[in-house]
Each structure stands twice: as structure tokens, then as C-alpha cells.
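Peer 1: Sending over a structure as C-alpha cells; questions will come in a sec.
The values are calculated or read from the model by the stated rules, or taken from the named source; none is laboratory data. From a predicted model like this one, the values you see are computed outputs, not experimental measurements. Every residue, glycine among them, receives a Cβ derived from its backbone with ideal geometry; neighbour counts consider all protein chains shown. Heads up: the accessible areas ignore ligands, DNA and RNA and are worked out on the full protein's heavy atoms, side chains in. Shrake-Rupley method; radii C 1.70, N 1.55, O 1.52, S 1.80 Å.
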Amino acid sequence: MIRSYIILSVLLIITAAPLLAADSYIIVVDGINGSNQNRLEGYPNRAYTKMSDRVYLYGYDDDLQWLDKRSVKYRATPITGEPSSLYLCYGTLESDITGSIFDIGRDYILSDRPVADHFCRKIKTDRLPFSESSANLITDTYDYHPTVAALIDGVEEDSLMDFLSRLSGELPIEIDGQTDTIHTRYSGTEDNEMAARYIRQTLESYGYDVEYHGFYSGELRKISAYDENQVWIVENSGKAYRTVDGENWHLMDIGFETDWWGVENSGPDSVWISGMFGNLYFSDDGGDSWEAQSSGTSNYLFGIQFVDAQEGWVAGDYGLILHTTNGGQNWTVQNTPTSDRLYDVFFLDSECGWAVGRQGTIVHTTNGGQTWTSQNISSSQRLYGICFTDSQHGWVTGWGGLVKYTTNGGSSWQDVDLGDYSEKYAVQFTNTNHGCIAGWDGKIYVTFDAGTTWETATTNTTDNLYALEFCSDTRGYAAGDDALLYTHDGGLNWYEISSGMEDAWRNVIGTKLGTTLFEEQVIICGHFDNISQTPEIRATGADDNGSGTMAVLEAARLYANTNFERTIKFCLWTGEEQGLTGSAAYAADAYRNGDIIMGVYNYDMIAYDGNADYIGELHCGTMSTSHAIGDLLVDVIDDYSILLNPEYITIGSTNRSDHASFWDYNYGAILGIEDFG
């Protein structure tokens, strides 16, 4: 009964959503599959993901109007937060689920947080290729071939069991001349790293070129730098990082976890961080140890600015600005003429400062915050970033691509048109002429002539960027969703460095270069991480997913001495149990790099057949490119008399394994898995 009422209330909220005012919406478009995806081509905002029968979009009122003009039916849920990522949690809706439920699918829940005891796939906003392309469709015809038959006959049970036994800890492994045993393959553990080294070593022993594909999964929000080597970063999911060499980023033990939104340093040792519910923490040893400071509020706290080791300000909810003159030992409330949330604060010196926030709010002080006055920016867009080069010249950035500048201290503001209307979060000028602006879609713009002209930087990412921090005129950092970037040329070119973060994870990628069609890739893959009730202690996983990994390794063993026209990638993912994060990072990078992926064969649990009926499920989705791969596999099973009964699934295919990460970018992919029943 409770479950029924919850579902009813959720559906009522979703149905009524367009009638309510909101900052933004989560939009559900039903009946979208296969070629029907073309209906959404050119959608001006971003999407979370595609399912077999619907698409989840992110957007504003203008985006709803775009859908209306094209007669696209949708359901929109108003939201006031900023969820750059959501979770598809597979299973039924229970009465004790916490958080916001945005939609209920065939066998999943769309939520703003993971649901306990459910497999949850983390999905984040991106500009997905909605229209399906047939450019990568495999149309070749295949006849019986003795080389293929020899490869099939070469599969050895002893080889498979050896891989499985070593991955699952039944047998020891030898790495770099040392003997050890894998006890868990849970992502982020030392044993998971050991498993990755074992897999890499195995692939290299067959003669393949092997590399780690490092990735980070988190939402970095603010950066503060003392110099190019000493930098601090906070994440809005409870983590904070420090580097002392600009390359290796170590987690700091603050002793308390909350969503962190601000960080500031006034030297190599004095560091403050701010976050939810009035949390303020201070370190006088650069981040080795931390103490809580009494903010006197339970409001959210965001941007921090210190002009020296003693005096600083923090911006927060309901127009709140806190001020200290003794290094944070005491904080006092300064009155402002607004009740809107303030996201950032900027002071030139102890007297002259500004703060910005929701509804186009800008407040200004010329006496250290004793009095604040409002400035009119002629916009109701949410403002996130502010920077001044002197008391007259300044810049603000915000939603809807808003960029404005002033030459009179904020008495009036002029628009800057970058030709891009995605969100702009951060702005920083290192001197009068040189500045950068960063925002969604991995876009960074740089000027060297005080904003007269702007150049689009090369970032090689489409991840949302929220923070900028320059240590000098040439060296700086940018950070955001799953991204940490570095520049050494003033911001024209940026390089991903998140693999140097302490809790960054690694996929293992082995490559066999094709002989003629080497630009075309075929991927055979599985995930090597595992989970259990005590995953950091014991999670060896014979079936899930030692079996998928051993299939990839056995294929690599067999293919080592055979040449193929196309390039073959042997990919072993980690982070599958945390929401397909490893394959999602790789698929996104492949799409950005323009990789030509002809097909992805993903194998998950493939070892258990409890009733000996030899049924194996092939989840092929709705795209023609995936169907071509599935059809080929069914033909091979039949032509070579493989003892397997394939159950071919299209509508209703699961998104609960790594093939789904490639579906998001319209790469043909299938999942081979044992009978769920």
C-alpha cells in the first residue's frame, strides 16, 4: 500500500511539473529508441542518458519550448538544485528510499542519490549524440573460416581456470618477481591495483601494447593555489585534495565529511574550507591536520576570500556574509541587502569587495563589509564567478552563458558574447590583460587583451568545469565533473591530470593493431572489479566478474599469433560496481577523440548455468549497429556449433553493465551474460 501511494505521488509531481516555477528541469521523453532519436537532434541543452524507450534530459524553460515547437511529448520535474549527475538504481521502489525520485522505469528508479542494496549506475549530463549513425555498421558477410574454427577449438578449460583461480585468490600471482595473493578486487583498494597489474602483465606477456586508462569520478568545485606546486581542491561529496608537487594529489583527512564548496589559502600553511550546514575547517600546517571553526550558522557556505592571514569573508545562503579579523577564531555576520544565496565573494583589499549569487544578485562594499549595497546587472540569471583587476574593472559569469564586465566598479555592466550559452562558472584574471573563463562542456575561453578578444582554449574534454585558479600568468588549474586540468601557456591548452589523484582508478587497455583497417576498432571487454558485503576485505568474485575478465584474457591469449584487419582492444574496466564509471570514462574519451569503434563485445557474468540448459542472454538494445553485432554472434554460434542457446534481447535490454556506456555515444555494443533467471 505504501509503495503504491509513493508511486502515485511521484507520478503526480512529474505530471504537474511544467506548471511550477523552477531553476531547471529533469525532462523525460518517452517513446525514443533507434532512429526515433533523430527527433532530439540539435537539442540545445544536455542529457543524462538514453534508455531503451526513453531519454532523460536536463533543461530550462527555453528548452521546454524547443521541445514544444517540435511536438515532442515530455514530462518535466522542476528542480532547484544543480544535479550534474543522477543515479539509475535497478530494482523496485521501496517505502524507505530516501532522496528525490524523478522517474520509475521498467526495472529501475531514477534518483538523485544511490539507493541502498540496489545496483546503481551513475549518469551525468553530457551532449549525447541523439541521432543514430550507420557509419560504423558492420555489413560484411562471414562464411565458415578454418582460422576461426581453430581459435574456437583453442579455448582451454585449464587456461580459463588458471585466470579465474589467480583473480579470485585461489592461486597466488607473481608481479615484478614478488608472490602475492588477490583478496579483493573492490575498486580503490590496493588489491584492485594488484589485479590491474596482474592483468597488464598477462597481456604484455602475449606481446600486446598495454596502457592504463586513468580516470577520476567526482565533482570538484573550488581550487586554491599558493604556487604551481602547492594547491588545494575540494569536492562536493566530502573529499578534499592537496598537492605539493603539482602531479600527485593526496586525500586530506579532515576528520569530517560534508559537501565542500569553498577553499582558500593565505600562504603555504593557512588553509580554510567551507561547506554545507555552516561547516568551516582550518589548517595551519597546509592540510596535514584540521580544526573546526565556529561559523555561528547552519546555512550552506560557499566562496571564501582572505586578503591576509587574519582577515577574510565567506559567502553563503540567504544573503549571508561572514567576516573574520583573527584568522577565523571568530566570525561575525555582515548585513547585506539580499536574501538570495551568494556563491562567490571577491575582495581587492581589506575595504573593496563584491559578492554574487542567485537572481543576478551583486552586492558591493567599500568599507570591508560594514555596509553592502546592491548593484544592478540587468539579469536574473544565477551568478557564480566574479573577479576584479582593480576597483573599476571587473567580470562576472553565470548561467545561460552570462558573461558581463564593468569599467566603473559595477555601476553599470556590459554583455560579453562568447557565442556560447552554456553555463559559465568561473572567471579569473591574473593581470589587467590576461584572463580565463570556464564552464560547462569543458569550455574555457582566454583573453590576452583585457577582454577585447577571446580565444577558445583546447581542453580535450566535455566535462563540466566549475573552478579556475592561476598560480602565475602562464600556469593554472581547472576542475569540475570528473576533470582536473592543467595549463602552462596561460590557458590556451589544457591537459588532463586527474590520473594523479590518490583515489583515481585505472582501466587496463591492451591493443593489437590491425593490418589494413587499423583505424577501425573492435573492443572485447569485461570488468575486473567486484563487490560483496565486506568489499574492502574480501570480494574475489569468481562469476561476477572473474568470468568476464577470464574471457577477455583467454581471447587475448588465443589472438596473440593471429593477424586481423581491424584493431582489437582488450579492455578491462574497474568501477563497474560503482556505476559503470570506468567504461563511462573510456567511452566518453573515445567519442571526444573521434575513435571509430565498429563494435563492443562486453561479457559480464558468463560462468554459471545452474540447470545446464546452456542459455546465454545477448542484450542488443535497439540500435541497428548493435543488432548487426548481435546477429553476427548468433550466426557464429550456429555456424561453428558452439554449445550455447542465445536469447536475443532488444527492447528490455539491460543497462546494468559496461556495454551501456557505449550505447550512450551510439557505438554498437552488446552484452553477453548468463541467464538472469
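Peer 1: Round to the nearest 10 and give me the degree value, 0 to 90, for the angle of helix 157-167's Cα axis relative to the longest principal axis of the chain.
Peer 2: 20 degrees
Peer 1: Tell me, what ³J(HN,Hα) does each residue in the range 643-652 have, in order and in whole Hz, if you take phi through Karplus 6.51 cos²θ - 1.76 cosθ + 1.60 with θ = phi - 60° and put x for Gly and Pro?
Peer 2: Those phi angles translate into 6, 7, 9, x, 9, 7, 10, 10, 4, x Hz.
Peer 1: When the helices in the chain are scored as -39500 (n - 2.57) per DSSP H run of 4 or longer and the sum is shared across all residues, what 222 nm value do you end up with, to the nearest 500 deg cm²/dmol?
Peer 2: Roughly -5000 deg cm²/dmol at 222 nm, from the helical runs in the chain.
Peer 1: Averaging the inverse of every distinct alpha carbon separation and then flipping it gives the Kirkwood radius. What is it for the range 239-287, in angstrom units?
Peer 2: 11.3 Å
Peer 1: Also, quick follow-up: Between THR98 and SER411, what is the label-point separation in nm under the 7 Å Cα-to-beta-carbon projection?
Peer 2: 5.2 nm
Peer 1: Still on this structure, I have one more. What is the Cα centroid distance between the range 254-298 and the range 145-224, reported in whole angstrom?
Peer 2: 39 Å
Peer 1: Right, another one. If you plug each phi of the range 373-382 into the Karplus form 6.51 cos²θ - 1.76 cosθ + 1.60 with θ = phi - 60°, what whole-Hz ³J(HN,Hα) values come out, in order, with x for Gly and Pro?
Peer 2: Result, ordered by residue: 10, 7, 10, 9, 9, 6, 7, 9, 5, 5 Hz.
Peer 1: Can you give the accessible area per residue of the range 439-580, in Å², using a 1.4 Å probe?
Peer 2: Heavy-atom accessible area per residue stands at 35 Å².
Peer 1: Compute the Cα gyration tensor for the range 544-664, then decide on rounded, prolate or oblate, letting a ≥ b ≥ c be the square roots of its eigenvalues: rounded whenever a/c is under 1.5, prolate when a/b is larger than b/c in the other cases, and oblate in all that remain.
Peer 2: Judged from the Cα gyration tensor, the range 544-664 comes out rounded (a/c under 1.5).
Peer 1: Given Cα pairs under 8 Å that are at least 6 residues apart, what percent is the relative contact order of the chain?
Peer 2: 12 percent
Peer 1: Go ahead and collect, in residue order, the members of the range 404-432 whose backbone nitrogen is under 19 Å from a label point 7 Å along the Cα-Cβ direction of ASP390.
Peer 2: Within reach of a label on ASP390, which here means backbone N under 19 Å from a point 7 Å along Cα→Cβ, the range 404-432 contributes 405-414, 428-432.
Peer 1: Which ³J(HN,Hα) values, rounded to whole Hz and listed in residue order, are derived for the range 493-498 from phi using the Karplus coefficients 6.51, -1.76 and 1.60 in 6.51 cos²θ - 1.76 cosθ + 1.60 with θ = phi - 60°, glycine and proline given as x?
Peer 2: Values, residue by residue: 10, 10, 10, 6, 10, 5 Hz.
Peer 1: Sticking with this one: Tell me the per residue accessible area of the range 127-189 using a 1.4 Å probe; a whole number in Å² is fine.
Peer 2: For the range 127-189, the per-residue accessible area is 60 Å².
Peer 1: Something else: If you average 1/r over all unlike Cα pairs in the range 271-366 and invert the result, what Kirkwood radius do you get in angstrom?
Peer 2: Taking the inverse mean of 1/r over all distinct Cα pairs, the range 271-366 comes out at 13.2 Å.
Peer 1: Restricting attention to the alpha-carbon atoms of the range 30-148, what are Rg (one decimal) and Dmax (integer), both in Å?
Peer 2: 17.9, 62
Peer 1: Taking the chain as the reference, fit the longest principal axis to its C-alpha atoms, fit the long axis of helix 546-559 to the helix C-alpha atoms, and give the angle between the two in degrees, 0 to 90, nearest 10.
Peer 2: So the inclination is approximately 70 degrees.
Peer 1: On C-alpha positions alone, give me the angle between the axis of helix 190-205 and the longest principal axis of the chain, in degrees, nearest 10.
Peer 2: Compared with the principal axis, the helix lies near 50 degrees.
Peer 1: Could I ask something else about it? Each label point is 7 Å from the Cα along the Cα-to-Cβ direction; what then is the distance between the points at LEU348 and ALA612, in nm?
Peer 2: Result for the modelled spin labels: 8.5 nm.
Peer 1: Using modelled amide H (1.01 Å from N, peptide plane; none on Pro or chain starts), what sits under 5 Å from the amide H of MET501, excluding residues fewer than 5 places away?
Peer 2: Amide H to amide H, under 5 Å and 5 or more residues apart or across chains, MET501 pairs with TRP249.
Peer 1: How many percent of the alpha carbon pairs in the range 359-453 exceed a separation of 21 Å?
Peer 2: 28 percent
Peer 1: Once a ≥ b ≥ c are taken as the square roots of the eigenvalues of the Cα gyration tensor of the range 154-209, is the result rounded (a/c under 1.5), prolate (a/b larger than b/c) or oblate (a/b not larger than b/c)?
Peer 2: oblate
Peer 1: Can I ask one more? Show the residues, 5+ positions off or on another chain, whose built amide H is closer than 5 Å to the amide H of TYR108.
Peer 2: It is GLY91, by chain and number.
Peer 1: Quick one: pull the percent of accessible area on the range 33-145 belonging to carbon and sulfur, 1.4 Å probe, ligands and nucleic acids left out.
Peer 2: Roughly 44 percent, rounded to a whole number.
Peer 1: Okay, moving on. Taking 0.36 nm per residue of sequence separation and subtracting the Cα-Cα distance, how much length would be gained by fully extending the chain between ARG70 and THR332, in nm to one decimal?
Peer 2: Length difference between fully extended and current span is 89.0 nm.
Peer 1: What FRET efficiency, computed as 1/(1 + (r/R0)^6) with R0 = 22 Å and r the Cβ-Cβ distance, is obtained for ALA309 and ASP227, rounded to the nearest 0.05? Each step should come with its number before you reach the end.
Peer 2: Numbers: r = 16 Å, r/R0 = 0.74.
E(calc), rounded to 0.05, equals 0.85.
Peer 1: Semi-axes, largest first, in whole Å: what does sqrt of 5 times each Cα gyration tensor eigenvalue give for the chain?
Peer 2: Computed over the chain, the values are 47, 28, 24 Å.
Peer 1: Counting only heavy atoms of protein chains, what accessible area per residue, in Å², does the range 347-406 have with a probe of 1.4 Å?
Peer 2: Result: 34 Å² of accessible area for each residue.
Peer 1: Also, I was wondering about something else. Using a 1.4 Å probe on the protein heavy atoms, what percent of the accessible area of the range 275-335 belongs to carbon and sulfur? It would help to have the intermediate numbers written out before the result.
Peer 2: Values: 1050 of 2530 Å².
Carbon and sulfur: 42 percent of the exposed surface of the range 275-335.
Peer 1: Out of all Cα-Cα pairs in the range 441-500, roughly what percent, to the nearest whole number, are more than 19 Å apart?
Peer 2: Cα-Cα pairs of the range 441-500 separated by over 19 Å account for 22 percent.
Peer 1: At a 1.4 Å probe, what is the % contribution of carbon and sulfur to the accessible area of the range 542-677?
Peer 2: Looking at the range 542-677 in its full context, I get 49 percent from C and S.
Peer 1: Could you calculate the FRET efficiency of HIS488 with ARG538 from 1/(1 + (r/R0)^6), where r is the beta carbon distance between them and R0 is 41 Å, rounded to 0.05?
Peer 2: In this case the efficiency is close to 0.40.
Peer 1: 7 Å from Cα along Cα→Cβ at both ASN460 and ASP503: what's the point-to-point distance in nm?
Peer 2: 2.6 nm
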